[in-house]
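Just below is one structure, and these are the notes that go with it.
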Amino acid sequence: MAAGCVRWVLSHAVRTVCGGSPVYTPPALRFTISSKRCNIIAASWRQSAFSTEVHNTEQTPATPKKKKQDPRANASISSIGRKIPERKIQVISAAGENLGVMHRADVIRMMDEEGLKLVLLSEHKDPPVYQLMSGKQIHEEQLKMREKKKAKAVPVQVKELSFSAGIASHDLTTKLKQVESWLEKKHHVKITLRAVRRESAVNLDATLEQIVEQMEVMVGFVSRPKVIRDGQAAVCILRPPSAKELSQKGKNKAAEAQPANSTSEAAQSETSPVGSTDTTQGSTQH
C-alpha cells in the first residue's frame, strides 16, 4: 500500500512538471511511464549540475582605441613646390608679415618673381596657412628642429663642481679643464663657488663669472652666476654652445679680423713711399 502511494505521488509530480494530461492509465503502465520520466529528469539534472562543457560565449575582441596623434608630432619644414592643393590660402611673407588670403595663382607668381618657396605651416585652419621662405630660411628652420629633437631624445646629465674662492691657481686650472671635458661630452655643469671662511663674501657672482671667462672653450649659460646662501656662495650652470652661438662667434671673429687687415695694409702703404724716397736720396748722394 505504501509503495503504491509513493508511485502515485511520483507519477502525479511527473505529470505536473512535464505537462502531462490527467488521462487514466493502468497501474503497471503508469509505473513504467513514471519511471522513464524520472530517469529523463534525473539525467537532465545530472547533466546540468555536473556538466563540464564550456559554452561558446566568445565575443569579438574590442578594437583598441587609436591615440590621437598630435599634428605637430611629425611636423617638418619643407617646400611643397608649385602644386598648391587649395584654391585660396593664407600667406605669410618671408619677413613674417601676414599678407592675408590669396589665390594660388597669385602666390605662384609671387614665388617666381621673388625666388621664394612655399612652406605649409598649418593645414587645420580654414584657409590653410602657408609661408614664403628662402632656401636659407628653410635650412635654418630644419637645423632648429633637429636640435630640438636631439634635446628631447637625449637626457642631459648635470655634473657638479664646488670649490672655494681662495683656491690656488694651479688647482683652479685643473678644475676648469675638468669642466671643459664635461662640456665636450655634451653635459651640463653646475659650478658652486664658496666664500672663504672668516672673510666677508663680496661679489661672489662677479668672481664666478670671471672664472668662467678664463676657460679656453666657448660656453653657454643655463643660468648665469647668482648669489645664494645669504651671500656665502654663488652658483651657475653651464652648457655646451649651440650651433647658432658658434656661428655668431665665427662671424664676430671675421668682423674683427677685417679692420685689423685693413689697418695693416694702410700702414704698409704709408711706409712704402718713405722707403723709396730714402733709396733715391741714397743713390743721389752716392
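The values are calculated or read from the model by the stated rules, or taken from the named source; none is laboratory data. Nothing here was measured: the structure is a model prediction, and the numbers come from that model. Quick reminder, even Gly has a Cβ in these numbers, built from the backbone with ideal geometry, and neighbours come from all protein chains shown. Surface accessibility is based on the protein's heavy atoms, side chains included, excluding ligands, DNA and RNA. Shrake-Rupley method; radii C 1.70, N 1.55, O 1.52, S 1.80 Å.
What the table shows:
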quantity	calculated
Residues of the stretch 196-231 satisfying the condition of being at pLDDT below 90 and farther than 18 Å from Val179 by Cβ	Val196, Arg197, Arg198, Glu199, Ser200, Ala201, Val202, Asn203, Arg229, Asp230, Gly231
Filtered residue count, the stretch 102-147, keeping only those that are open to solvent by less than 90 Å² (accessible area, probe 1.4 Å) and either in a strand (DSSP E or B) or at positive phi (or both)	13
Residue within the stretch 105-128 that is farther than 30 Å from Lys244 by Cα, of a type in the set (Lys, Arg), at pLDDT below 90 and touching a helix residue (DSSP H, G or I) at 6+ places or on another chain (Cβ under 9 Å) present	no
Every residue from the stretch 78-101 that is assigned to a strand (DSSP E or B) and touching a Leu at 6+ places or on another chain (Cβ under 6 Å)	Val91
